[in-house]
Amino acid sequence: MTTIVAGVDLAWSEKNTTGIVLLNDTEILCAETVQTLKEIKELLDHYKPRVIGVDAPLRVPNKTGNRKAEQELNKVFKKFDAGCHPVNRTILTTYATIPRGEELRILLKEYRASPYTKELSIIEVYPHAATIRLLKLNKIFKYKRGTITEKKSELKKLYQALEQCTPPPPKINFSLKGKAYKAQEDILDAYICALVAREHLKGNSEVFGDEIVVPKEK
């Protein structure tokens, strides 16, 4: 039996969609977007992944500034343009009463929120740093910045680079616009999170600041 892992590109509020991907060693089992934490849990309960990689802070003890995780990760990845934005409760609670990553962690109480646990764990992932290691990049693909044309061009480059992975990423229709196009980007970020979850399960990961899990450098 192959092992199932999950990736979740968690929106900061329910106003936006969350991308979810579940995969095993050979195929993508699910790739879609949902709106609520309840819908996320229902999908995860159905597939029962061993590790869940989430693109969102799972613990935010600091009211302002950066966590230790961002400080450590930025020292290594800033030169690749893959540094993190500040993560604190002041910023995140402008979108929800409590940071949604914390809320999801509490909801998925059967999973240990420990980056040092290999099975039945929920881990924090930062896709930009992950792609540097997974794809051996010198710089990130800047698909989050610039004009729509520039972002689509960068996302297409990232997609083509990810096609070397197994299983390859969910298909993207680059002619779509607006929310339909954004949903595909959310799913691709979730796919990257799932790849990191699989590397973590195999023991091929390292942890920054006791929080953010990144694939080991190969």
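Here are the numbers:
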item: Restricting region 109-127 to residues that are surrounded by 21 or more Cβ atoms within 10 Å (Cβ to Cβ) and of a type outside the set (Ser, Thr, Tyr), the residue that is farthest from Gln35 (Cα to Cα); result: Pro115
item: Residue list for region 32-56, restricted to those being touching a residue at least 60 places away in the same chain (Cβ under 8 Å) and of a type in the set (A, V, I, L, M); result: Leu37, Ile40, Leu44, Val51, Ile52, Val54, Ala56
item: Any hit, region 179-201, residues being over 24 Å from Phe77 (Cα atoms), exposed (fewer than 13 other Cβ atoms within 10 Å of the Cβ) and without any contact (Cβ under 8 Å) to a residue 12 or more places away in the chain; result: yes
item: Positions within region 151-180 being within 18 Å of the chain's Cα centre (by Cα) and of a type in the set (Phe, Trp, Tyr), in sequence order; result: Tyr159
item: Residues located in region 124-143, provided they are more than 14 Å from the chain's Cα centre (by Cα) and not in a helix (DSSP H, G or I); result: Lys136, Leu137, Asn138, Lys139, Ile140, Phe141, Lys142, Tyr143
item: Pair list, Cβ < 6 Å and 6+ apart or interchain, from region 88-112 residues that are farther than 21 Å from Lys68 by Cα and at pLDDT 95 or above to residues that are part of a loop (DSSP other than H, G, I, E, B) and among the aliphatic types (A, V, I, L, M); result: Tyr111/Leu120
item: Hits in region 1-59 - residues which are surrounded by fewer than 17 Cβ atoms within 10 Å (Cβ to Cβ), within 22 Å of Thr94 (Cβ to Cβ), at pLDDT 95 or above and not polar (S, T, N, Q); result: Arg59
item: Test: residue in region 145-165 that is more than 19 Å from Asp9 (Cα to Cα), in contact with a Phe, Trp or Tyr (Cβ under 8 Å, 6 or more places away or on another chain) and not charged (D, E, K, R); result: yes
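The rows are residues; the columns are (1) in contact (Cβ under 8 Å) with a residue 24 or more places away in the chain; (2) closer than 24 Å to Ala6 by Cβ; (3) in contact with a helix residue (DSSP H, G or I) (Cβ under 9 Å, 6 or more places away or on another chain); (4) of a type outside the set (D, E, K, R).
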{"position": "Glu124", "(1), (2), (3), (4)": "yes, yes, yes, no"}
{"position": "Ala129", "(1), (2), (3), (4)": "yes, yes, yes, yes"}
{"position": "Lys136", "(1), (2), (3), (4)": "yes, no, no, no"}
{"position": "Ile140", "(1), (2), (3), (4)": "yes, yes, yes, yes"}
{"position": "Gly146", "(1), (2), (3), (4)": "no, no, yes, yes"}
{"position": "Leu155", "(1), (2), (3), (4)": "yes, yes, yes, yes"}
{"position": "Ala161", "(1), (2), (3), (4)": "yes, yes, yes, yes"}
{"position": "Thr166", "(1), (2), (3), (4)": "yes, yes, no, yes"}
{"position": "Ile172", "(1), (2), (3), (4)": "no, yes, yes, yes"}
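The values are calculated or read from the model by the stated rules, or taken from the named source; none is laboratory data. Just so we're clear, the structure is a prediction, and the values are computed from it rather than from any experiment. Every residue, glycine as well, gets a Cβ built from its backbone with ideal geometry; the counts of neighbours run over all protein chains shown.
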